[in-house]
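Read through the structure below, which is laid out as structure tokens, and then see the notes.
The values are calculated or read from the model by the stated rules, or taken from the named source; none is laboratory data. As the structure is a prediction and not an experimental result, all values here were calculated from the model. For neighbour counting, all protein chains shown are included, and Cβ atoms are generated from backbone atoms with ideal geometry for every residue, glycine included. With ligands, DNA and RNA removed, areas are computed over all heavy atoms of the protein, side chains included. Shrake-Rupley method; radii C 1.70, N 1.55, O 1.52, S 1.80 Å.
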Amino acid sequence: SVVGNMMYIVDYNSSEEAGTVKIFDSNFNWRENVNLSSDFKVYPPTYIEHNSESNNFYILSATGKAILQYTSNFELIKIHSLTDIDIIGISGEVYRKIYFSEENKNIMYLQSSNNVYKKYANRPEKFIGKFLYDNKGIGSGSEADMDITTLCIRPVIKDNLNKDEIFMYDSNKEILYKFLEDSNYQRIVSESFDNKILSFDEIKIKPGENV
């Protein structure tokens with residue numbers, strides 16, 4: 001993960017159960033090691049990403065099926081358990097990387113070998129949804145045949161709304177996908193439903209009425 005002119009890299013030796021976050025400057029000069037062996041022993045690290053809004057680091061543990069959330073000084077805030085693969089994933093699927101939305105930093109994209117899961121950054125254990133290839137009739141097969149190796153997100157404006165333009169590469173079928181995502185669900189909740197609240201008297205069943 002790159003933050004300003006500093007680079008943060010996770011390093012873990014499973015045989016010695018030793019794990020650190022190595023910090024380098026933009027000239028690749030080593031600056032510091034942060035010892036996180038006690039955490040990595042239980043949750044071996046896979047990927048690290050920084051959230052610019054919260055100034056927190058998120059470390060993904062694929063084998064531990066968890067995301068470890070840290071402060072900017074790598075003090076552990078919380079361990080978020082991930083169960084998406086167990087519940088709606090497929091056999092053999094593994095987590096690979098974390099990305100944060102450009103349009104809304106509280107939105108997280110969790111890339112696995114076969115899916116992209118959309119989550120809240122402040123509570124990654126909660127599930128928003130996943131990219132539905134079959135429902136949209138795109139691609140060349142089911143998610144079980146996919147091998148998602150690359151995800152690239154850039155901010156765009158479409159219909160006067162900020163959105164995430166997401167490019168996703170399936171190396172198994174050699175297909176490049178393009179998606180437009182945003183946090184439209186938040187606008188729907190606040191704008192469309194606020195004026196549609198019914199009082200109890202409006203829905204109360206009157207004598208003689210049948211449901």
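Scanning the stretch 8-27 for residues that are more than 14 Å from Phe74 (Cα to Cα) and of a type in the set (Phe, Trp, Tyr), which turns out least open to solvent (accessible area, probe 1.4 Å)? Only one residue fits best here, namely Phe24.
Considering only the stretch 50-158, give the strands (runs of 3 or more DSSP E) lying wholly within it that have at least 1 residues that are modelled with pLDDT under 90 and either open to solvent by 70 Å² or more (accessible area, probe 1.4 Å) or of a type in the set (S, T, N, Q) (or both). Show your work before the answer.
Details: elements: 56-61, 66-70, 76-81, 95-100, 107-112, 116-120, 123-130, 148-158.
By residue number, 123-130, 148-158.
Selection of first residues in the stretch 73-87 that are over 19 Å from Leu110 (Cα atoms) and of second residues that are assigned to a strand (DSSP E or B), restricted to Cβ pairs under 7 Å at least 6 apart or on distinct chains, gives the following pairs, ordered by first then second residue: Phe74/Val21; Phe74/Val34; Phe74/Phe57; Leu76/Leu68; Leu76/Tyr70; Ile77/Asn56; Ile77/Gln69; Ile77/Tyr70.
Looking across the stretch 28-43 at every residue that is under 15 Å from Ile9 (Cβ atoms), part of a loop (DSSP other than H, G, I, E, B) and open to solvent by 30 Å² or more (accessible area, probe 1.4 Å), the one that is modelled with the highest pLDDT is identified as Asn29.
Could you pull out the residue among Tyr43, Tyr47, Tyr58 that is in contact with an Asp or Glu (Cβ under 8 Å, 6 or more places away or on another chain), within 26 Å of Glu93 (Cβ to Cβ) and not basic (Lys, Arg)? Step through it out loud before you land on a result.
Working: Tyr43 fails: in contact with an Asp or Glu (Cβ under 8 Å, 6 or more places away or on another chain); Tyr47 fails: in contact with an Asp or Glu (Cβ under 8 Å, 6 or more places away or on another chain).
Selected residue: Tyr58, the only one of Tyr43, Tyr47, Tyr58 that is in contact with an Asp or Glu (Cβ under 8 Å, 6 or more places away or on another chain), within 26 Å of Glu93 (Cβ to Cβ) and not basic (Lys, Arg).
Looking at the stretch 174-188, is at least one residue closer than 30 Å to His80 by Cβ, touching a Leu at 6+ places or on another chain (Cβ under 9 Å), open to solvent by 70 Å² or more (accessible area, probe 1.4 Å) and at pLDDT 60 or above? Looking through the stretch 174-188, none of the residues is closer than 30 Å to His80 by Cβ, touching a Leu at 6+ places or on another chain (Cβ under 9 Å), open to solvent by 70 Å² or more (accessible area, probe 1.4 Å) and at pLDDT 60 or above.
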